[in-house]
Amino acid sequence: MISEHSLPTPVRVRFAPSPTGTLHVGSARTALYNYLFARHQRGIFVLRIEDTDAARSRQEFERSILDDLAWLGLEWDEGPDKGGDLGSYRQSERSGAGLYSGYARRLMDENKAYHCFCSQERLEELKQECLSRNEMPQYDRRCGDIPRQEAEARLAAGEPAAIRFRVADGEVVVDDLIHGRTVFPAGVIGDFIIVRSDGGPSYNFAVVVDDIDMEITHVIRGEDHLTNSARQLLVYRALAQEPPSFAHHSLIMGPDGGKLSKRHGATSVGEFRRLGYLPAAIINYLALLSWAPPSGREQMSKAEMIKDFEIHRVARSPAIFDLQKLNWLNGLHIRDLDGEAFHKAITPFMGRAAGLASEGQLAVAEKAVQTSLVTLADAAGQLAAFFDQKPLAEAEEAAELINAASMRVLELALARAAALNGAAEFNAAGAGEEIEAARLMLSGLKQECRQEEIAPKQMYRTFRIALTGRASGPELPFLLAGLARETVRQRLEAARDFAAARLGSKGQAG
RNA sequence: GCCCCCAUCGUCUAGUGGCCCAGGACACCGCCCUUUCAAGGCGGCGGCGGGGAUUCGAAUUCCCCUGGGGGCACCA
């Protein structure tokens, strides 16, 4: 038994997205598992861009994928923007440098690959034939026995040709770190293309060459690649190279059990970012989607995940994406942020509040919402009380102000409000003290009301409605500290006058 | 259709033959705390897909069925 610590080769893993779209949460999870595995083993995490599909690849997608990965905190050690000793990390550049052709020539020379001149149309017919015979579609090897000289001649004459890998009979065993041993009969695989007729390497070929050149030791990717792994294993064998270890994790499903797609809501990292999710919560949730540490802990920091992550503990079955649990974790991580970090995180979501408010007011508002947010984007709604007072005449709740007790509360409150500092008069550093002062003022007022036999509940409710025109919102001490002293006075007076007017007319009518 | 993978509460999971008439978390419901809404605390509801076999004993091993997922490109 060899212990992990005595493994001679340093672990090298890679995340290899193709820049044909933005970073999906499924891909992000693949990246995360690679990252956690690498960091746990003190290995190297490589980022490689698989852009051999020139028609679909776009520069802007590459940039956005890099952005999202960085935002998630999955730093890579080698990559297209960072460089590294083992070559270019963009397949298009590697192809341009001729890195694949040498390997392809070698396979040709050893008769392990051959030129295929079949047309797209013939291939399509072949597929339909197989299907109609209830067989797994595969190439019939028509070009497999064309003599080398004849092939060269046709090539020289300008006939387009792809290069196919000759799949030998037998079986292919994928030894998987998560699934264990799975066996594919080679017969069902069929000779696959390794070099397209345009000269570019196909996926299954480029990946193997890159992984060899980049000395990748472990390939961690989604289960949708299981059959690709079988093909790639064949290429390693043909090239007489030691293959890496494989691990295929399950895929993420939508709530209805089907493939996770846009109709289920947000699916890309960028969308979650804009919706107000914290990167810490996203990677925490994604990790939990099919992995659990021995401790059973749910909320974890990145460092804790790195410490505990072990690939063999990743579950084998598909996992359904559960937004509610992500929401729960997001709330926990928001609450865990210290003042400065929360300020940084929430600022982009403060909307017009940021421009409207003083530094002191902003500081109070932030303290007021941090304990109750699910997403950062929820802040705007919760902050409305600070900035949009519903006119009392329009507020249904204002009816509760029209009675003697409420009037009395407003009088007493008005008398004490003068002693308060409003947020216009202090800065962020003083926010805590002012909130405390507001708390004190409220408890004094409560005592006073008690003596006059007014229930605290009524006092608080009256106060709240008078200040905001609403029955719910941030805690009163925050509201009091967060509004300018002058605003507090005006609103209390307006409420008193409002109530007095209705009470008076009511009296006259009766 | 063929090949491969998977199968514990609604959801994510713990569980590697006896510690499990199955534990935790989210969600849901109730109670408590409380100036509102949250948060927090406490409690409740709820599951080993079915059938065989092995065994003194099976969620755990094997087989079959069923169900779900993935793959079957000159896409990655």
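Only DSSP H runs of four or more residues enter the estimate; each adds -39500 (n - 2.57), and after division by the residues of chain A the mean residue ellipticity at 222 nm equals -14500 deg cm²/dmol. Accessible surface calculations at 1.4 Å, restricted to protein heavy atoms, place segment A:133-273 at 46 Å² per residue. With all pairs of different C-alpha atoms in the average, the Kirkwood value for the hydrodynamic radius of chain A is 27.8 Å.
Each Lys and Arg Cβ is given +1 and each Asp and Glu Cβ -1; about its Cα centre, chain A then shows a dipole of about 980 debye. Over all other residues within a Cβ to Cβ distance under 13 Å of A:VAL188, the charged ones net out to -3, with Lys and Arg as +1 and Asp and Glu as -1.
Solvent-accessible surface of segment A:384-509, taken per residue with a 1.4 Å probe and all protein chains present: 48 Å². Please label the shape of segment A:50-98 as rounded, prolate or oblate, based on the square roots a ≥ b ≥ c of the eigenvalues of the alpha-carbon gyration tensor (a/c under 1.5 means rounded; beyond that, a/b larger than b/c means prolate, else oblate). It is oblate, given that a/c is not under 1.5 and a/b is not larger than b/c.
Solvent-accessible area of segment A:384-509 (1.4 angstrom probe, protein heavy atoms only): carbon and sulfur portion equals 49 percent. Fully extending the segment from A:GLU223 to A:ARG166 would add 18.1 nm, taking 0.36 nm per residue of separation and subtracting the current Cα-Cα distance. Look at the alpha carbon pairs under 8 Å that are at least 6 residues apart: their mean separation over the length of chain A gives a relative contact order of 12 percent.
Taking square-rooted eigenvalues a ≥ b ≥ c of the alpha carbon gyration tensor, is segment A:316-392 rounded, prolate or oblate, where a/c under 1.5 means rounded and, failing that, a/b exceeding b/c means prolate? Taking the square roots of the gyration eigenvalues as a ≥ b ≥ c, segment A:316-392 is prolate.
Taking chain A, the Cys residues with no second Cys beta-carbon under 4.7 angstrom are A:CYS118, A:CYS130, A:CYS449. Note on A:LYS390: lysines with a C-alpha under 27 Å away, same-chain residues under 8 apart excluded, are A:LYS367, A:LYS446, A:LYS457, A:LYS506. Summarising the amide proton neighbourhood of A:MET253: residues at separation of 5 or more, or on other chains, whose placed amide H is nearer than 5 Å comprise A:ALA319, A:ILE320, A:PHE321. Its Kirkwood hydrodynamic radius, worked out from the mean inverse distance over all distinct Cα pairs, puts segment A:363-494 at 14.9 Å.
The values are calculated or read from the model by the stated rules, or taken from the named source; none is laboratory data. Predicted, not measured: the structure shown is a model, and the values here were computed from it. In this analysis, Cβ positions are derived from the backbone assuming ideal geometry, glycine residues included, and neighbour counts consider all displayed protein chains. Note: accessible area is taken over every heavy atom of the protein model, side chains too, but ligands, DNA and RNA are not part of it. Shrake-Rupley method; radii C 1.70, N 1.55, O 1.52, S 1.80 Å.
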